[in-house]
Each structure stands twice: as C-alpha cells, then as structure tokens.
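Take a look at the structure set out below.
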There are 2 protein chains.
Amino acid sequence: MTVPISASPVPAPVSPLKVTPASPLFLREDEIRRGIELLYFGYTSMIRGADAILEAQGLGRAHHRALYFIARRPGLSVGELIGLLGITKQSLGRVLTDLTGRELVEQRVGVADRRQRLLSLTPSGAALEARLFTELERSMARAYGEAGQQAVTGFWAVLMGLVPPDGRAQVEALQG
Amino acid sequence: MTVPISASPVPAPVSPLKVTPASPLFLREDEIRRGIELLYFGYTSMIRGADAILEAQGLGRAHHRALYFIARRPGLSVGELIGLLGITKQSLGRVLTDLTGRELVEQRVGVADRRQRLLSLTPSGAALEARLFTELERSMARAYGEAGQQAVTGFWAVLMGLVPPDGRAQVEALQG
DNA sequence: GAAATTGGGACAGTCATGTTGACTTATCTG
DNA sequence: CAGATAAGTCAACATGACTGTCCCAATTTC
C-alpha cells in the first residue's frame, strides 16, 4: 500500500486534517473492541425497552422473540421457528404452551403437510406484539434519525457481515 | 395517497430510476424490522464463536463478559463492573467467585479507598481472554472487511444512537 | 469521636430459559 | 407397508439472572 513518490522529497499525507483516521485495514484492536462494545450495549439498550411491558404480562424475552417472528412471518411452522430462534424443540415448547394458553398465539394444521402446526397471532397477540414493536421502533427510529441514512446502510452491511455466509439467506428470506 | 393532477397532465416522479429508495425519514416499518433482525442475528452470531472455548473451560457467557471488561479496564472496582454489566452484586458475586477460584482473576485492595477491591486478570486469565477475544475479532474483522470503512463508521453511529444519552458517556469512557 | 453511609461478601430461595435424552403420535414418502 | 419426519411430552439438569437479608470494614458526615 505504499504510494511511490519519486520527485518530491517528503511525501505529504493525502488528508492531513484528519486527526484520527480509521485504519484502512480495520484491524486495529481498538476498532474491533469498539465494535464489540457498541454491539453489546446497543443490543441490550434496544431490547431493554420492552421489558416493562413483558413483565406486566408475566412474560419474558423468550416469549417476545417468539411473538416477534410469528408476527413477522404469520403461518410459519414450529420447525421454522425453531430454526430462526436457534433453540431446541423442548425450549420452544414451553414458550409456545404459555402463549397458546393465554390465547396470544393460535395453531392450525398445515395444508400441504398435515403434520405441521402453522403459527399465527390472535388479535390480542397481535395487539401485544404491536405494543412491544413500538418500543423497539422508538429506540431504533431515534438511532436511525440521529445517525442518518448513509449510516444506516453501513449498519446493515456490517451486521450482515457478522452472520456466517450460510445463515444469510435465512435472514434475507425473513425480510423482503 | 391520491395525487391531484390539475395543471400538468402527468407529473413525473423526481427519481424515476431509483427502484427502492430508502425512506428519507427512516420510518418505514420494514427498515426498522430489518435493523432489529440484523442486530439480533449479528449479535448472536458474533458471540456464538466463543462458546466452544468457554464450554471447554466449564465457563459461561457471564464469565466471558466479566473477563472481557476486566481485560479492557484492568484495575476497575467491583462496583464499576456491576455498573457496566447491569447486573446485581449477588449475580456478579458468583461469577467472580468462580473466576478467582480458578485463578483467572485477582483482586487487590484499593489504594485511594481501601474498601474497594480492584480487579485484574492473572496471566492465565489474560491468556484465556486473549483466546476468546481472537474469536470475536475473527468475526468482527471479517464483517468490517466485507462492509468497508465507511460502513463501519455508520455501524458505530447507529449503535451509539441506540444507547440512551445518559449511558453514552460510560461507553465512551470505556474506549479511548 | 460517634453515627451514618458505602463497598463488598455471604447465605438462602426463586425464576426464566436453556440443555439432553427418550418416548409417542400422526403423517408423509419411498 | 416401512421408514423418515413434524410435533408434543415427560423428566432431569445447568446457567444466570433475581430478591431479601445479614454482616463486616472502611469511609464520610455531623
């Protein structure tokens, strides 16, 4: 990455006014640690907003995650939800028993495959998920607004880069 | 959303070539959900890399977080660590008992205030933390490299925006 | 100097959420 | 029909958070 300058004796830096330029190779330990720490604090800050609502309902974050993905992809099967959450059938089972018992989630038999149980939110489940989403949205919308449109694109790009290549299709499929 | 057409017969859109322009106000629900989901999957993908090392040591993620912050700010007090982790004294107590019992962390009496116990890593603790950090670094460095320098700046900006204003000083103080 | 506050440790109990393993039922597919 | 798959269930267990209480030593305050 050396720029050959033959004629001029002292090669002047290209941008002398930038005091702390980011390393071109992104390899400095401090930059890695900054990312790790911001990811930790940013993530926990965002989800903390919904905790009060959940606690008032006697639910936990595991219930929230299930509600979120069922809202996002209504009609998904139990197996698909297990894959998204990355937990075992037994762990999800307890959460799903809670949610169906409270009539926040309902199941119906799959059409193509009658072994499947397709999940969707009841009206009250959708109302609760909307309240929870509003909390996350408040936090995320403020961050987007403060950082600006270009920053948001970078935010998405780095986060997608953190996901192992074989998992990216799943994330993309969830969206769009 | 009807467009009144009075004088000019067909008002041409301003940017007819942009197929899916990002909303200027960053308020479209899909953009919020994309951020929520990428943050969730990106965060879990990054930390998952260290789990195998931890499990081999019989330690958990709580131990990792404590090791990380002690490595980052050697000599910090128990109270400061509690503040960073956002957990109670009792919860941290068990983790710290484990780590000191395994001689990964050591405590010494505070100099200015002798009630304090200042935490630091032993050589073997530093070695373990370095191995764990290498795992996180591998993931983060790849994401930085794929996304590019400008994206990293945006990544940082959005994440800092997620942190409530009264908590940002603490995050900044951890760095630099 | 006495009293109140603070930093830290310890004990006991509880809850939420994850795990493994084994078994059952219904259904689909070769 | 035989085997594989989707889902549910029971039991046991591990982790990591919580609350509440009590204690000690050191510091700060009056």
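The values are calculated or read from the model by the stated rules, or taken from the named source; none is laboratory data. Source: prediction; values computed, not measured. In this analysis, Cβ positions are derived from the backbone assuming ideal geometry, glycine residues included, and neighbour counts consider all displayed protein chains. To get the accessible areas, we keep the full protein, side chains included, count just its heavy atoms, and leave off ligands, DNA and RNA. Shrake-Rupley method; radii C 1.70, N 1.55, O 1.52, S 1.80 Å.
For this structure, a couple of remarks:
- 5 Å binning of all Cα-Cα separations within the stretch B:97-176, expressed as whole percents from 0 upward: 3, 12, 12, 14, 18, 16, 13, 9, 4, 1
- With a Förster radius of 56 Å applied to the C-beta separation of residue B:82 and residue A:114, the computed FRET efficiency comes to 0.60.
- In the stretch A:30-164, the ratio of gyration radius to Kirkwood radius, Rg to Rh, stands at 1.02 when only Cα atoms are counted.
- Taking the centroid of alpha carbons for each part, the stretch B:62-120 and the stretch A:111-146 are 38 Å apart.
- In sequence order, calculated HN-Hα J values of the stretch A:145-157 (Karplus, 6.51, -1.76, 1.60; Hz; x Gly/Pro): x, 5, 7, x, 4, 5, 5, 4, 4, x, 3, 5, 5
- Each residue was assigned an accessible area with a 1.4 Å probe, and for residue A:163 the value is about 10 Å².
- Solvent-accessible ranking of B:77, B:91, largest area first, probe 1.4 Å: B:91, B:77
- Total buried accessible area between A and B, probe 1.4 Å, nearest 100: 6300 Å².
- In the assembled protein chains, residue B:129 presents an accessible area of approximately 10 Å² (probe radius 1.4 Å).
- With every protein chain in place and a 1.4 angstrom probe, the accessible-area ranking of A:135, A:80, largest first, reads A:80, A:135.
- Residue A:43 accessible area, 1.4 Å probe, all protein chains in place, Å² to nearest 10: 30 Å²
- Label-reachable residues, the stretch A:153-176, where backbone N falls under 18 Å from a point 7 Å from residue B:29's Cα toward its Cβ: A:174-176
- Viscosity 1.002 mPa s, 20 °C: Kirkwood-radius Stokes-Einstein D of the stretch B:64-127 over Cα pairs, µm²/s: 185 µm²/s
- Accessible surface, 1.4 Å probe, highest first, among residues B:36, A:82: A:82, B:36
- The calculated FRET efficiency for the pair residue B:102 and residue A:130, based on their C-beta separation and a Förster distance of 45 Å, comes to about 0.45.
- Backbone N atoms of the stretch A:83-102 closer than 19 Å to the 7 Å Cα→Cβ label point of residue A:122 belong to residues A:93-102.
- In summary, the stretch A:48-92 shows an alpha-carbon radius of gyration equal to 1.20 times the 2.2 N^0.38 Å reference for compact globular proteins.
- For the stretch B:73-87, 3J(HN,Hα) computed residue by residue from phi via the Karplus equation (6.51, -1.76, 1.60; θ = phi - 60°) reads 9, x, x, 6, 8, 4, x, 5, 5, 4, x, 5, 7, x, 10 Hz, glycine and proline entered as x.
- Placing a label point 7 Å from the Cα of residue B:48 along the Cα-to-Cβ direction, the residues of the stretch A:44-83 with a backbone N closer than 12 Å are A:83.
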